[in-house]
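The values are calculated or read from the model by the stated rules, or taken from the named source; none is laboratory data. All of these numbers come straight from a predicted model, not from anything done at the bench. Here the Cβ is made from the backbone with ideal geometry for all residues, glycine too, and neighbour counts use every protein chain on show. Surface accessibility is based on the protein's heavy atoms, side chains included, excluding ligands, DNA and RNA. Shrake-Rupley method; radii C 1.70, N 1.55, O 1.52, S 1.80 Å.
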Amino acid sequence: MSLTALRSRTPVISAVLRAPAPRRPTSAPRPQQRPQRSAALLVFVLSLLTATSALATDLYLPAFPEIAADLGATESQVQLTLTAIMVGLAVGQLVLGPLSDRWGRRLPLLIGAAVFTLSSLASAVAPSTEVLSALRLLQGFSAAAGAVISRAVVRDIFHGEDSARFFSRLSLLTGVAPMVAPMLGGQLLLAGSWRLLFVVLALIGVANLVLVYVALPETLPRTPAAGRGTQRGSVLGALLRLQLDPRFMGPTLVMSLSFAMTFTYISAFSFVSESEFGTTPQQFSLIFGVNSLGMVLGNQVNTMLINRMDGPRRLLAGLLGALASVAVLVGLAISEQANVVVVTAALFTMMFFTGLISPNATTLAIASQPSSVAGTGSALLGALQFAIGGGLAATTGMGEGGEASLLSMSVVMLVTAAAAGAVFAGWAFLARRVPAPRTA
(Lines give C-alpha, C1' and ligand atoms only; values in the text may rest on other atoms or scores of the structure.)
Protein backbone atom coordinates (compact mmCIF):
# COMPACT_ATOMS: atom_id res chain seq x y z
CA MET A 1 0.00 0.00 0.00
CA SER A 2 1.50 3.36 -1.03
CA LEU A 3 1.53 6.56 1.04
CA THR A 4 -0.69 8.22 -1.57
CA ALA A 5 -3.27 5.45 -1.24
CA LEU A 6 -3.17 5.62 2.54
CA ARG A 7 -3.60 9.39 2.59
CA SER A 8 -6.50 9.15 0.13
CA ARG A 9 -8.24 6.97 2.69
CA THR A 10 -7.66 9.34 5.58
CA PRO A 11 -11.16 10.96 5.41
CA VAL A 12 -12.73 7.51 5.50
CA ILE A 13 -10.52 6.50 8.42
CA SER A 14 -11.50 9.68 10.26
CA ALA A 15 -15.17 9.01 9.61
CA VAL A 16 -14.86 5.46 10.92
CA LEU A 17 -13.23 6.69 14.15
CA ARG A 18 -15.78 9.46 14.57
CA ALA A 19 -18.81 7.22 14.20
CA PRO A 20 -19.85 5.48 17.46
CA ALA A 21 -21.78 2.77 15.64
CA PRO A 22 -21.18 2.55 11.88
CA ARG A 23 -24.26 1.60 9.88
CA ARG A 24 -24.09 -1.19 7.37
CA PRO A 25 -25.25 0.08 3.98
CA THR A 26 -27.87 -2.00 2.25
CA SER A 27 -25.97 -2.22 -1.01
CA ALA A 28 -22.49 -0.88 -0.37
CA PRO A 29 -19.98 -1.50 -3.15
CA ARG A 30 -17.37 -4.02 -2.16
CA PRO A 31 -14.39 -1.71 -2.92
CA GLN A 32 -15.57 0.94 -0.42
CA GLN A 33 -15.36 -1.54 2.43
CA ARG A 34 -11.59 -1.78 2.01
CA PRO A 35 -10.83 1.64 3.59
CA GLN A 36 -12.85 0.66 6.65
CA ARG A 37 -10.89 -2.58 6.95
CA SER A 38 -7.68 -0.58 6.50
CA ALA A 39 -8.72 1.78 9.29
CA ALA A 40 -9.45 -1.11 11.65
CA LEU A 41 -6.15 -2.76 10.73
CA LEU A 42 -4.25 0.49 11.32
CA VAL A 43 -5.82 0.86 14.77
CA PHE A 44 -4.99 -2.76 15.62
CA VAL A 45 -1.36 -2.62 14.47
CA LEU A 46 -0.61 0.69 16.19
CA SER A 47 -2.41 -0.46 19.34
CA LEU A 48 -0.33 -3.63 19.60
CA LEU A 49 2.90 -1.70 18.94
CA THR A 50 2.01 0.88 21.59
CA ALA A 51 0.78 -1.74 24.07
CA THR A 52 3.97 -3.81 23.85
CA SER A 53 5.81 -1.56 26.31
CA ALA A 54 2.90 -1.82 28.75
CA LEU A 55 2.78 -5.60 28.34
CA ALA A 56 6.52 -5.85 28.92
CA THR A 57 6.15 -3.70 32.02
CA ASP A 58 3.02 -5.18 33.59
CA LEU A 59 2.94 -8.87 32.65
CA TYR A 60 5.47 -9.88 35.26
CA LEU A 61 4.26 -7.66 38.13
CA PRO A 62 2.43 -10.52 39.94
CA ALA A 63 5.69 -12.52 39.78
CA PHE A 64 7.79 -10.01 41.76
CA PRO A 65 7.75 -12.05 44.99
CA GLU A 66 8.51 -15.28 43.08
CA ILE A 67 11.39 -13.66 41.18
CA ALA A 68 12.87 -12.38 44.44
CA ALA A 69 12.69 -15.85 46.00
CA ASP A 70 13.96 -17.71 42.91
CA LEU A 71 16.95 -15.43 42.29
CA GLY A 72 17.72 -14.77 45.95
CA ALA A 73 17.11 -11.05 45.56
CA THR A 74 15.59 -8.27 47.65
CA GLU A 75 12.47 -6.31 46.77
CA SER A 76 14.54 -3.31 45.71
CA GLN A 77 16.67 -5.47 43.40
CA VAL A 78 13.56 -6.84 41.70
CA GLN A 79 12.13 -3.33 41.38
CA LEU A 80 15.40 -2.36 39.68
CA THR A 81 14.44 -4.62 36.76
CA LEU A 82 11.34 -2.44 36.36
CA THR A 83 13.41 0.73 36.55
CA ALA A 84 15.75 -0.73 33.93
CA ILE A 85 13.00 -1.13 31.35
CA MET A 86 11.83 2.42 32.07
CA VAL A 87 15.34 3.72 31.38
CA GLY A 88 15.48 1.65 28.20
CA LEU A 89 12.14 3.04 27.06
CA ALA A 90 13.30 6.60 27.74
CA VAL A 91 16.66 6.30 25.96
CA GLY A 92 15.23 4.20 23.15
CA GLN A 93 12.63 6.80 22.31
CA LEU A 94 15.25 9.56 22.20
CA VAL A 95 17.29 7.52 19.73
CA LEU A 96 14.62 5.84 17.62
CA GLY A 97 12.23 8.78 17.30
CA PRO A 98 14.69 11.07 15.45
CA LEU A 99 15.89 8.10 13.37
CA SER A 100 12.32 7.52 12.21
CA ASP A 101 12.22 11.11 10.93
CA ARG A 102 15.22 10.27 8.70
CA TRP A 103 14.90 6.58 7.85
CA GLY A 104 11.13 6.30 7.78
CA ARG A 105 8.79 4.56 10.21
CA ARG A 106 8.97 0.93 9.05
CA LEU A 107 12.69 0.08 9.35
CA PRO A 108 13.12 1.12 13.03
CA LEU A 109 9.88 -0.72 13.85
CA LEU A 110 11.11 -3.93 12.23
CA ILE A 111 14.50 -3.78 13.95
CA GLY A 112 12.88 -2.94 17.28
CA ALA A 113 10.49 -5.90 17.08
CA ALA A 114 13.34 -8.29 16.27
CA VAL A 115 15.53 -7.10 19.15
CA PHE A 116 12.56 -7.18 21.55
CA THR A 117 11.92 -10.81 20.63
CA LEU A 118 15.53 -11.87 21.23
CA SER A 119 15.91 -9.94 24.50
CA SER A 120 12.66 -11.44 25.81
CA LEU A 121 13.90 -14.96 25.11
CA ALA A 122 17.20 -14.16 26.85
CA SER A 123 15.32 -12.78 29.87
CA ALA A 124 13.54 -16.11 30.21
CA VAL A 125 16.85 -17.79 31.12
CA ALA A 126 18.41 -14.96 33.15
CA PRO A 127 20.39 -16.38 36.12
CA SER A 128 20.34 -13.26 38.33
CA THR A 129 18.60 -9.93 38.80
CA GLU A 130 21.72 -8.16 37.50
CA VAL A 131 21.53 -10.01 34.18
CA LEU A 132 17.77 -9.64 34.10
CA SER A 133 18.07 -5.87 34.65
CA ALA A 134 20.56 -5.56 31.76
CA LEU A 135 18.26 -7.53 29.46
CA ARG A 136 15.27 -5.49 30.58
CA LEU A 137 17.20 -2.36 29.62
CA LEU A 138 17.64 -3.75 26.10
CA GLN A 139 14.05 -4.92 26.05
CA GLY A 140 12.83 -1.44 26.93
CA PHE A 141 15.09 0.17 24.33
CA SER A 142 13.64 -2.03 21.58
CA ALA A 143 10.04 -1.73 22.79
CA ALA A 144 10.44 2.05 22.57
CA ALA A 145 10.22 1.77 18.78
CA GLY A 146 6.54 0.85 18.93
CA ALA A 147 5.72 3.45 21.57
CA VAL A 148 7.41 6.43 19.91
CA ILE A 149 6.88 5.70 16.22
CA SER A 150 3.18 4.89 16.59
CA ARG A 151 2.56 8.46 17.78
CA ALA A 152 4.56 9.76 14.81
CA VAL A 153 2.49 7.65 12.39
CA VAL A 154 -0.70 9.20 13.79
CA ARG A 155 0.79 12.68 13.32
CA ASP A 156 1.70 11.76 9.72
CA ILE A 157 -1.90 10.91 8.87
CA PHE A 158 -4.26 12.87 11.16
CA HIS A 159 -4.64 16.53 12.15
CA GLY A 160 -6.64 18.56 14.67
CA GLU A 161 -9.47 16.87 16.49
CA ASP A 162 -9.13 13.84 14.21
CA SER A 163 -5.75 13.34 15.87
CA ALA A 164 -7.29 13.70 19.33
CA ARG A 165 -10.03 11.25 18.40
CA PHE A 166 -7.56 8.70 17.07
CA PHE A 167 -5.30 9.01 20.12
CA SER A 168 -8.33 8.48 22.32
CA ARG A 169 -9.32 5.34 20.40
CA LEU A 170 -5.71 4.20 20.52
CA SER A 171 -5.57 4.81 24.28
CA LEU A 172 -8.85 2.94 24.68
CA LEU A 173 -7.38 -0.17 23.06
CA THR A 174 -3.92 0.09 24.58
CA GLY A 175 -5.55 0.64 27.95
CA VAL A 176 -6.60 -2.99 27.79
CA ALA A 177 -2.92 -4.01 27.96
CA PRO A 178 -2.25 -2.94 31.57
CA MET A 179 -5.62 -4.37 32.52
CA VAL A 180 -5.06 -7.77 30.91
CA ALA A 181 -1.30 -8.13 31.43
CA PRO A 182 -1.22 -8.67 35.23
CA MET A 183 -4.29 -10.89 35.05
CA LEU A 184 -2.67 -12.96 32.30
CA GLY A 185 0.60 -13.00 34.23
CA GLY A 186 -1.14 -14.23 37.36
CA GLN A 187 -2.80 -17.06 35.46
CA LEU A 188 0.40 -18.02 33.64
CA LEU A 189 2.10 -18.38 37.02
CA LEU A 190 -0.32 -21.21 37.73
CA ALA A 191 0.99 -23.01 34.62
CA GLY A 192 4.70 -22.30 34.99
CA SER A 193 7.37 -20.15 36.59
CA TRP A 194 8.02 -16.45 36.02
CA ARG A 195 10.27 -17.39 33.09
CA LEU A 196 7.23 -18.44 31.07
CA LEU A 197 6.08 -14.82 31.08
CA PHE A 198 9.09 -13.73 29.05
CA VAL A 199 8.47 -16.47 26.50
CA VAL A 200 5.01 -14.98 26.00
CA LEU A 201 6.57 -11.54 25.51
CA ALA A 202 8.84 -13.03 22.83
CA LEU A 203 5.76 -14.31 20.98
CA ILE A 204 4.29 -10.80 21.11
CA GLY A 205 7.51 -9.52 19.56
CA VAL A 206 7.15 -12.01 16.71
CA ALA A 207 3.56 -10.83 16.14
CA ASN A 208 4.75 -7.21 15.95
CA LEU A 209 7.43 -8.14 13.44
CA VAL A 210 4.97 -9.90 11.15
CA LEU A 211 2.28 -7.20 11.37
CA VAL A 212 4.64 -4.33 10.61
CA TYR A 213 6.16 -6.21 7.67
CA VAL A 214 2.82 -7.22 6.18
CA ALA A 215 0.31 -4.55 7.16
CA LEU A 216 1.94 -1.19 7.97
CA PRO A 217 2.88 1.04 5.02
CA GLU A 218 5.48 3.78 5.16
CA THR A 219 3.70 6.98 6.26
CA LEU A 220 6.58 9.47 6.37
CA PRO A 221 6.52 11.72 3.30
CA ARG A 222 9.73 11.16 1.37
CA THR A 223 11.96 14.09 0.40
CA PRO A 224 15.22 14.22 -1.60
CA ALA A 225 17.14 14.55 1.69
CA ALA A 226 15.40 11.60 3.30
CA GLY A 227 17.31 8.40 3.84
CA ARG A 228 20.75 9.99 4.10
CA GLY A 229 21.05 9.21 7.77
CA THR A 230 20.45 11.23 10.90
CA GLN A 231 22.15 14.62 10.94
CA ARG A 232 23.39 15.20 14.46
CA GLY A 233 23.10 18.98 14.30
CA SER A 234 19.56 18.96 12.98
CA VAL A 235 18.41 16.48 15.62
CA LEU A 236 20.00 18.42 18.47
CA GLY A 237 18.60 21.64 17.05
CA ALA A 238 15.11 20.14 16.84
CA LEU A 239 15.35 18.86 20.43
CA LEU A 240 16.48 22.29 21.62
CA ARG A 241 13.65 24.05 19.81
CA LEU A 242 11.14 21.63 21.31
CA GLN A 243 12.47 22.22 24.82
CA LEU A 244 12.12 25.99 24.34
CA ASP A 245 8.56 25.75 23.00
CA PRO A 246 6.04 25.99 25.87
CA ARG A 247 3.28 24.74 23.61
CA PHE A 248 5.12 21.43 23.43
CA MET A 249 6.85 21.29 26.81
CA GLY A 250 3.77 22.23 28.83
CA PRO A 251 1.61 19.21 27.95
CA THR A 252 4.73 17.02 27.77
CA LEU A 253 5.65 17.77 31.39
CA VAL A 254 2.02 17.38 32.45
CA MET A 255 2.00 13.98 30.77
CA SER A 256 5.32 12.99 32.36
CA LEU A 257 4.33 13.96 35.90
CA SER A 258 0.94 12.28 35.55
CA PHE A 259 2.71 9.16 34.33
CA ALA A 260 4.95 9.34 37.40
CA MET A 261 1.78 9.25 39.50
CA THR A 262 0.44 6.14 37.77
CA PHE A 263 3.83 4.43 37.50
CA THR A 264 4.35 4.87 41.25
CA TYR A 265 1.18 2.86 41.71
CA ILE A 266 2.26 0.28 39.10
CA SER A 267 5.71 -0.30 40.60
CA ALA A 268 4.78 -0.32 44.28
CA PHE A 269 1.27 -1.73 44.62
CA SER A 270 2.22 -5.38 44.12
CA PHE A 271 4.33 -5.26 47.30
CA VAL A 272 1.89 -3.00 49.15
CA SER A 273 -1.11 -5.21 48.41
CA GLU A 274 0.72 -8.33 49.55
CA SER A 275 2.36 -6.90 52.70
CA GLU A 276 -0.51 -4.71 53.96
CA PHE A 277 -3.61 -6.49 52.62
CA GLY A 278 -2.38 -10.07 52.25
CA THR A 279 -3.39 -10.51 48.61
CA THR A 280 -2.20 -13.38 46.42
CA PRO A 281 -0.68 -12.80 42.96
CA GLN A 282 -4.01 -13.74 41.38
CA GLN A 283 -5.94 -11.35 43.63
CA PHE A 284 -3.47 -8.57 42.88
CA SER A 285 -3.82 -9.15 39.14
CA LEU A 286 -7.62 -8.92 39.47
CA ILE A 287 -7.39 -5.64 41.41
CA PHE A 288 -4.92 -4.28 38.89
CA GLY A 289 -7.21 -5.26 36.04
CA VAL A 290 -10.23 -3.59 37.63
CA ASN A 291 -8.27 -0.38 38.14
CA SER A 292 -7.02 -0.45 34.56
CA LEU A 293 -10.62 -0.73 33.43
CA GLY A 294 -11.04 2.71 34.97
CA MET A 295 -8.55 4.11 32.45
CA VAL A 296 -10.39 2.43 29.57
CA LEU A 297 -13.66 4.02 30.72
CA GLY A 298 -11.94 7.39 31.07
CA ASN A 299 -10.68 7.13 27.49
CA GLN A 300 -14.20 6.37 26.31
CA VAL A 301 -15.61 9.39 28.17
CA ASN A 302 -12.86 11.53 26.65
CA THR A 303 -13.99 10.48 23.17
CA MET A 304 -17.56 11.46 24.00
CA LEU A 305 -16.41 14.90 25.22
CA ILE A 306 -14.39 15.81 22.11
CA ASN A 307 -17.28 17.65 20.42
CA ARG A 308 -18.39 19.27 23.69
CA MET A 309 -15.16 20.46 25.31
CA ASP A 310 -11.77 21.50 23.94
CA GLY A 311 -8.53 19.64 24.67
CA PRO A 312 -7.13 21.87 27.45
CA ARG A 313 -10.39 21.73 29.38
CA ARG A 314 -10.57 17.93 29.07
CA LEU A 315 -6.98 17.76 30.29
CA LEU A 316 -7.75 20.04 33.26
CA ALA A 317 -10.75 17.90 34.22
CA GLY A 318 -8.53 14.82 34.27
CA LEU A 319 -5.87 16.53 36.38
CA LEU A 320 -8.35 17.78 38.98
CA GLY A 321 -10.08 14.42 39.27
CA ALA A 322 -6.81 12.51 39.64
CA LEU A 323 -5.53 14.95 42.25
CA ALA A 324 -8.71 14.60 44.32
CA SER A 325 -8.57 10.79 44.12
CA VAL A 326 -4.95 10.62 45.26
CA ALA A 327 -5.67 13.07 48.10
CA VAL A 328 -8.33 10.65 49.34
CA LEU A 329 -5.79 7.83 49.16
CA VAL A 330 -3.33 9.80 51.31
CA GLY A 331 -6.09 10.48 53.83
CA LEU A 332 -6.89 6.77 54.03
CA ALA A 333 -3.23 5.90 54.62
CA ILE A 334 -2.74 8.55 57.32
CA SER A 335 -5.96 7.70 59.16
CA GLU A 336 -5.13 3.97 59.00
CA GLN A 337 -8.67 3.31 57.77
CA ALA A 338 -7.52 1.75 54.53
CA ASN A 339 -8.67 -1.64 53.35
CA VAL A 340 -8.40 -3.33 49.99
CA VAL A 341 -11.91 -2.27 48.89
CA VAL A 342 -11.64 1.48 49.56
CA VAL A 343 -8.07 1.63 48.26
CA THR A 344 -9.16 -0.10 45.04
CA ALA A 345 -12.03 2.38 44.69
CA ALA A 346 -9.67 5.36 45.08
CA LEU A 347 -7.18 3.90 42.60
CA PHE A 348 -9.96 3.08 40.13
CA THR A 349 -11.12 6.71 40.23
CA MET A 350 -7.56 7.96 39.77
CA MET A 351 -7.10 5.71 36.74
CA PHE A 352 -10.42 6.88 35.29
CA PHE A 353 -9.25 10.49 35.27
CA THR A 354 -5.87 9.41 33.92
CA GLY A 355 -7.84 8.24 30.90
CA LEU A 356 -8.62 11.91 30.23
CA ILE A 357 -5.04 13.08 30.82
CA SER A 358 -3.03 10.81 28.54
CA PRO A 359 -4.71 11.26 25.11
CA ASN A 360 -5.23 15.00 25.51
CA ALA A 361 -1.73 15.79 26.75
CA THR A 362 -0.26 13.66 23.95
CA THR A 363 -2.40 15.32 21.30
CA LEU A 364 -1.66 18.86 22.50
CA ALA A 365 2.08 18.18 22.52
CA ILE A 366 2.43 16.31 19.21
CA ALA A 367 -0.08 18.43 17.27
CA SER A 368 1.81 21.60 18.19
CA GLN A 369 4.69 20.54 15.91
CA PRO A 370 5.03 19.91 12.16
CA SER A 371 4.98 16.35 10.85
CA SER A 372 8.64 16.61 9.81
CA VAL A 373 9.70 16.47 13.48
CA ALA A 374 6.87 14.25 14.73
CA GLY A 375 9.29 11.43 15.52
CA THR A 376 11.66 13.72 17.42
CA GLY A 377 8.79 15.33 19.33
CA SER A 378 7.31 11.94 20.16
CA ALA A 379 10.77 10.80 21.29
CA LEU A 380 11.24 13.69 23.69
CA LEU A 381 7.72 13.26 25.06
CA GLY A 382 8.21 9.55 25.63
CA ALA A 383 11.73 9.90 27.03
CA LEU A 384 10.70 12.49 29.60
CA GLN A 385 7.62 10.45 30.45
CA PHE A 386 9.58 7.32 31.33
CA ALA A 387 12.59 9.10 32.83
CA ILE A 388 10.51 11.26 35.16
CA GLY A 389 8.04 8.47 35.85
CA GLY A 390 10.70 5.88 36.62
CA GLY A 391 12.84 8.26 38.67
CA LEU A 392 10.08 9.63 40.90
CA ALA A 393 8.42 6.24 41.38
CA ALA A 394 11.69 4.88 42.81
CA THR A 395 11.36 7.25 45.78
CA THR A 396 8.56 5.11 47.26
CA GLY A 397 11.17 2.65 48.60
CA MET A 398 13.48 5.16 50.24
CA GLY A 399 12.37 4.35 53.76
CA GLU A 400 14.57 2.75 56.41
CA GLY A 401 13.84 -0.79 55.24
CA GLY A 402 13.80 0.07 51.55
CA GLU A 403 10.21 -1.16 51.27
CA ALA A 404 7.23 0.66 49.81
CA SER A 405 4.17 1.27 51.97
CA LEU A 406 0.69 2.55 51.20
CA LEU A 407 1.63 5.89 52.78
CA SER A 408 4.89 6.32 50.87
CA MET A 409 3.21 5.29 47.63
CA SER A 410 0.26 7.66 48.02
CA VAL A 411 2.42 10.61 49.11
CA VAL A 412 4.60 10.33 46.00
CA MET A 413 1.45 10.07 43.88
CA LEU A 414 0.01 13.20 45.52
CA VAL A 415 3.20 15.22 44.99
CA THR A 416 3.44 14.28 41.32
CA ALA A 417 -0.27 14.96 40.71
CA ALA A 418 0.04 18.39 42.32
CA ALA A 419 3.15 19.13 40.27
CA ALA A 420 1.30 18.20 37.06
CA GLY A 421 -1.47 20.64 37.99
CA ALA A 422 1.04 23.41 38.66
CA VAL A 423 2.75 22.83 35.30
CA PHE A 424 -0.64 22.95 33.56
CA ALA A 425 -1.36 26.35 35.12
CA GLY A 426 2.02 27.70 34.00
CA TRP A 427 1.63 26.26 30.50
CA ALA A 428 -1.87 27.74 30.10
CA PHE A 429 -0.47 31.16 31.06
CA LEU A 430 2.52 31.00 28.67
CA ALA A 431 0.68 29.41 25.72
CA ARG A 432 -1.47 32.54 25.33
CA ARG A 433 1.66 34.67 24.96
CA VAL A 434 3.73 32.56 22.55
CA PRO A 435 2.83 32.52 18.83
CA ALA A 436 1.74 29.12 17.57
CA PRO A 437 4.34 27.50 15.30
CA ARG A 438 3.47 26.49 11.76
CA THR A 439 2.41 22.83 11.69
CA ALA A 440 2.09 22.20 7.99
- Query: Rounded to the nearest 0.05, what FRET efficiency do Arg241 and Ala428 have when you use their Cβ-Cβ distance and R0 = 25 Å?
  - Reply: 0.75
- Item | 4 °C / 1.567 mPa s Stokes-Einstein diffusion coefficient of segment 235-433, Kirkwood radius on C-alpha pairs, µm²/s | 75 µm²/s
- Query: What number comes out for the charge environment of Val340, summing +1 per Lys or Arg and -1 per Asp or Glu over other residues with Cβ under 15 Å away?
  - Reply: -3
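Once you charge only the Cβ atoms, +1 for Lys and Arg and -1 for Asp and Glu, what is the size of the charge dipole of segment 235-433 about its Cα centre, to the nearest 20 debye?
With only Lys, Arg, Asp and Glu charged at Cβ, the dipole is about 980 debye.
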- Query: Can you work out the FRET efficiency for the pair Gln282 and Asn339, with r the C-beta to C-beta distance and R0 = 25 Å, to the nearest 0.05?
  - Reply: 0.85
- Using 0.36 nm per residue of separation minus the Cα-Cα distance, give me the extension gain between Tyr213 and Leu110 in nm, one decimal. 36.4 nm
- The equivalent-ellipsoid semi-axes of segment 318-396, taken as the square roots of five times the Cα gyration tensor eigenvalues and listed largest first in whole Å, are 32, 15, 8
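Can you tell me the accessible area per residue over segment 235-433, all protein chains present, probe 1.4 angstrom, in square angstrom?
37 Å²
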- Item | Length gained when the stretch Ser193-Ala40 is fully extended (0.36 nm per residue, less Cα-Cα span) | 51.5 nm
- Query: Taking a 1.4 Å probe, which of Arg136, Arg195 shows the most accessible area, and what order do the others take after it?
  - Reply: Arg195, Arg136
- Message: Could you work out what % of the accessible surface of segment 38-218 is carbon and sulfur, using a 1.4 angstrom probe and leaving DNA, RNA and ligands out of the count?
- Response: 76 percent
- Integer Hz, Karplus 6.51/-1.76/1.60 couplings in order for segment 312-327, x for Gly and Pro: x, 5, 5, 5, 4, 4, x, 5, 5, x, 5, 4, 5, 5, 5, 4
- Item | Accessible area of segment 38-218 divided out per residue, in Å², using a probe of 1.4 angstrom | 32 Å²
- Message: Can you tally the net charge around Ser120? Count Lys and Arg as +1, Asp and Glu as -1, for every other residue whose Cβ sits under 11 Å from the Cβ of Ser120.
- Response: +2
- Query: Can you pull the percent of segment 235-433's accessible area that's carbon plus sulfur, 1.4 Å probe, other chains left in place?
  - Reply: 68 percent
